[in-house]
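**Student:** Below is the structure I would like to discuss, written out as structure tokens.
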Amino acid sequence: MSRFRPPVRSKGDGFVVDLGTDESDLIRRLIGELRSMLTDPSPDPGVEALLVRLFPPAHHDDHEMEAEYQRLMREELVQSKLSAFDIVDETLAGKGRIDEARLLAVMQSINSIRLVLGTMLGVSDDPDADEVTAGLESSAEYHLYSYLSWLLEWCVRALGAG
């Protein structure tokens, strides 16, 4: 019987992200899809609705200030996410140790996928909401959401141990 090895762990002065080939390929494919959504010059309203959690409002009560904030910051935020996606591609292609900055990029990317998937599923931030009673527990998308949450938790654990 083999011993469980966490998918993300602290090792020496760095971290190791050790996913199977199928899992790595899946995350890289999802990142590719999200990259396409973020770089589409004229996304349809459905795509924009899925991305809303990636760019939370800074000025809830002032629509004019919010529009200005988005105009000034959106491109910078998109570029930050795209850079993180590149780091994840490199990380999942290799099997070596990564530093904390790279692990944070992995976390940011996994969370971005989770946020979009959660928006698709209607998962809320409300701790009293019970998605399971809504019938989501049987969908493949919800299982993927749960897997990404689990993976993100291992990233946090690794950071805490490192």
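**Student:** Regarding Gln108, is this residue of a type outside the set (Phe, Trp, Tyr) and closer than 19 Å to Ile31 by Cβ?
**Tutor:** So Gln108 fits the description; yes.
**Student:** Within the range 98-130, work out how many residues are within 24 Å of Gly160 (Cα to Cα), surrounded by fewer than 20 Cβ atoms within 10 Å (Cβ to Cβ) and of a type in the set (S, T, N, Q).
**Tutor:** 2
**Student:** Anything in the range 64-78 that is of a type in the set (Asp, Glu) and surrounded by 14 or more Cβ atoms within 10 Å (Cβ to Cβ)? List them, or say none.
**Tutor:** Residue satisfying the conditions is Glu66 alone.
**Student:** Pairs please, first residue from the range 29-40 and without any contact (Cβ under 8 Å) to a residue 24 or more places away in the chain, second anywhere and part of a helix (DSSP H, G or I), Cβ atoms under 7 Å, 6+ apart in sequence or on different chains.
**Tutor:** Cβ pairs passing all conditions: Asp40/Val47.
**Student:** Out of Glu100, Glu23, which single residue is under 17 Å from Ser149 (Cα atoms) and at pLDDT 95 or above?
**Tutor:** The conditions single out Glu23.
**Student:** Within the range 23-48, can you find the residues that are under 15 Å from Arg74 (Cα atoms) and in a helix (DSSP H, G or I)?
**Tutor:** Across the range 23-48, the qualifying residues are Arg35, Met37, Leu38, Thr39, Glu48.
**Student:** If the Cβ limit is 8 Å and pairs must be 6+ apart or interchain, which residue in the range 79-97 that is touching a residue at least 24 places away in the same chain (Cβ under 8 Å) and surrounded by 17 or more Cβ atoms within 10 Å (Cβ to Cβ) pairs with which residue that is not in a helix (DSSP H, G or I) and not small (Gly, Ala, Ser)?
**Tutor:** Qualifying pairs under 8 Å: Thr91/Val17; Thr91/Ile98; Leu92/Val17; Leu92/Leu19.
The values are calculated or read from the model by the stated rules, or taken from the named source; none is laboratory data. Treat the numbers as computed from the prediction; the structure is a model and nothing was measured. Cβ atoms come from the backbone with ideal geometry, glycine included; neighbour counts cover every protein chain shown.
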